[in-house]
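Student: I'd like to ask some things about the structure below.
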Amino acid sequence: MAEVSVTKDAAPVADELVALKNVNKHFGALHVLQDIDLTIARGEVVVVIGPSGSGKSTLCRAINRLETVESGTITIDGKPLPQEGKELARLRADVGMVFQSFNLFAHKTVLENVMLGQIKVRKAEKKAAEEKARALLDRVGVGVQADKYPAQLSGGQQQRVAIARALAMDPKVMLFDEPTSALDPEMINEVLEVMQQLARDGMTMVVVTHEMGFARSAANRVVFMADGRIVEEATPDEFFSNPRSDRAKDFLSKIL
Ligand code: ADP
Ligand code: MG
């Protein structure tokens, strides 16, 4: 985990961890990412918001190469994304991703879910992997569920396991794509609180969310996307109190 501590008021040092330069992608005729330039500093928390279909998920998926892009460059810690093989597996470990659907392995216990990547990708010893998994499960508040199967847990608990599983790889950056959208309302806060704590601990995070309370309190920067473009970037205070573009004003008037 990065050592810089970040508060909303103190911008992190300008130490570029993720950089997208002039990135473009189409799905058929749809220009889903248009000239995307975005840099994320180590320790920074960037919240990405925008209407459905604006390219937020594609942006996240491009950063850990679940999607390829047609032009432009994406670098993590100064290195271009690897194309395939072990290098790609390591990239996916360096760039932790938490999806709307929890994507846990259904036939493995919670503990095994958090151990597996450590052993396979990071080549950890079983005992060390188990110790780390238990510590992370405690940290996200599901330690007592370690020996259960995912289906025996609530959605909020499963999502916290998914966060622990990503953290077990010692990621450089964590991507969250609408991590609370599939949850019952009473479970949203328990997941947001874990994410808040991660942000306070200095994790570099990209968070796609409609939770504006989280954006206001945890984000260093809000990135507003529409139609495949980054339309606006601002601090949360600036963005919510004084959105500049009509698209952002329109979006905010619908959700706030
Ligand atoms: P968001 O996450 O902001 O809702 P997405 O990145 O999921 O947006 O999608 C952006 C646009 O790309 C949408 O119009 C969506 O339908 C389209 N799209 C996403 N994935 C694919 C795909 N694999 N094939 C074709 N079109 C896609
Ligand atoms: Mg999406």
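The values are calculated or read from the model by the stated rules, or taken from the named source; none is laboratory data. As the structure is a prediction and not an experimental result, all values here were calculated from the model. So basically every Cβ, Gly included, is an ideal-geometry build from the backbone, and we count neighbours across all protein chains shown. What goes into the accessible areas is simple: the full protein's heavy atoms, side chains included, and nothing from ligands, DNA or RNA. Shrake-Rupley method; radii C 1.70, N 1.55, O 1.52, S 1.80 Å.
Student: Report, in cubic angstrom per residue, the convex hull volume of the C-alpha atoms of the range 47-90.
Tutor: Given the Cα convex hull of the range 47-90, per-residue volume reads 95 Å³.
Student: Quick one: pull the percent of accessible area on the chain belonging to carbon and sulfur, 1.4 Å probe, ligands and nucleic acids left out.
Tutor: The computed percentage sits at 49.
Student: Now for a different question. Please compute the per residue accessible area over the chain with all protein chains in place, 1.4 Å probe, rounded to a whole number of Å².
Tutor: 47 Å²
Student: Just the number, please: Stokes-Einstein D of the range 161-243 in µm²/s, Kirkwood Rh from C-alpha pairs, 37 °C, 0.692 mPa s.
Tutor: This corresponds to a translational diffusion coefficient of 239 µm²/s.
Student: May I ask you to order 108-118, 34-44, 245-255 by the average number of other C-beta atoms within 10 Å around their residues, highest value first?
Tutor: In descending order of packing, they fall as 108-118, 34-44, 245-255.
Student: Quick one: P(r) of the range 124-169 from all Cα-Cα pairs, 5 Å bins, percents rounded to integers, in order of increasing distance.
Tutor: In order of increasing distance, the bins hold 5, 24, 34, 23, 10, 3 percent.
Student: Next up: Put +1 on the Cβ of each Lys and Arg and -1 on the Cβ of each Asp and Glu in the chain; which of I74, H107, M97 then has its Cα farthest toward the positive end of the dipole?
Tutor: Result: H107, furthest along the dipole toward the positive end.
Student: Could you tell me how far the Cα centroid of the range 191-241 sits from the Cα centroid of the range 35-91, in Å?
Tutor: 16 Å
Student: On to the next question. Pull up all non-local amide H partners of T204: gap of 5 or more, or a different chain, and H-to-H distance under 5 Å with H placed in the peptide plane.
Tutor: Those qualifying (amide H under 5 Å, at least 5 residues apart or on another chain) are A2, G43, M174.
Student: Could I ask something else about it? Output the 0 to 90 degree angle, nearest 10, between the alpha-carbon long axis of helix 110-120 and the longest principal axis computed from the alpha carbons of the chain.
Tutor: Taking the Cα atoms of the chain, the angle to 110-120 is about 80 degrees.
Student: Further question: Please list 3J(HN,Hα) in residue order for the range 205-211, calculated via the Karplus relation 6.51 cos²θ - 1.76 cosθ + 1.60 where θ = phi - 60°; whole Hz, with x for glycine and proline.
Tutor: For the range 205-211, the Karplus curve yields 9, 10, 10, 8, 7, 9, 7 Hz.
Student: Also: Please give every one of the aspartates and glutamates within straight-line cross-link reach of K56, meaning a C-alpha to C-alpha distance under 12 Å, and leave out same-chain neighbours fewer than 8 residues apart.
Tutor: Cα-Cα hits under 12 Å: D177, E178, D227.
Student: Wrap a convex hull around the Cα atoms of the chain, take a quarter of its surface area, and give that in square nanometres.
Tutor: Hull-based average projected area comes out at 13.6 nm².
Student: If you don't mind, there's one more thing I want to ask. To test your reading of the geometry: what angle, between 0 and 90 degrees and rounded to tens, separates the Cα axis of helix 185-200 from the longest principal axis of the chain?
Tutor: 90 degrees
Student: Over 27 Å between Cα atoms: which of K21/K120; K132/K172; K123/K148 fall into that group?
Tutor: K21/K120
Student: Same structure, new question: Quote to one decimal, in nm, the extra length available between R90 and D170 on full extension: 0.36 nm per residue of separation minus the C-alpha distance between them. Intermediate results must be reported in sequence, preceding the final value.
Tutor: On the way: separation 80, 0.36 × 80 = 28.80 nm, distance 1.07 nm.
Gain in length upon complete extension: 27.7 nm.
Student: Using the Cα centre of the chain as origin and beta-carbon charges of +1 (Lys, Arg) and -1 (Asp, Glu), tell me which of V46, T180, A128 is placed farthest towards the positive end of the dipole.
Tutor: A128
Student: I've got another one for you. To the nearest 10 degrees, how steeply does helix 85-94 sit against the main Cα axis of the chain, on a 0 to 90 scale?
Tutor: That helix lies at roughly 80 degrees to the long axis.
Student: Return the ratio Rg/(2.2 N^0.38 Å) for the range 6-104, where Rg is computed over Cα atoms only.
Tutor: Rounded to two decimals, the normalised Rg is 1.12.
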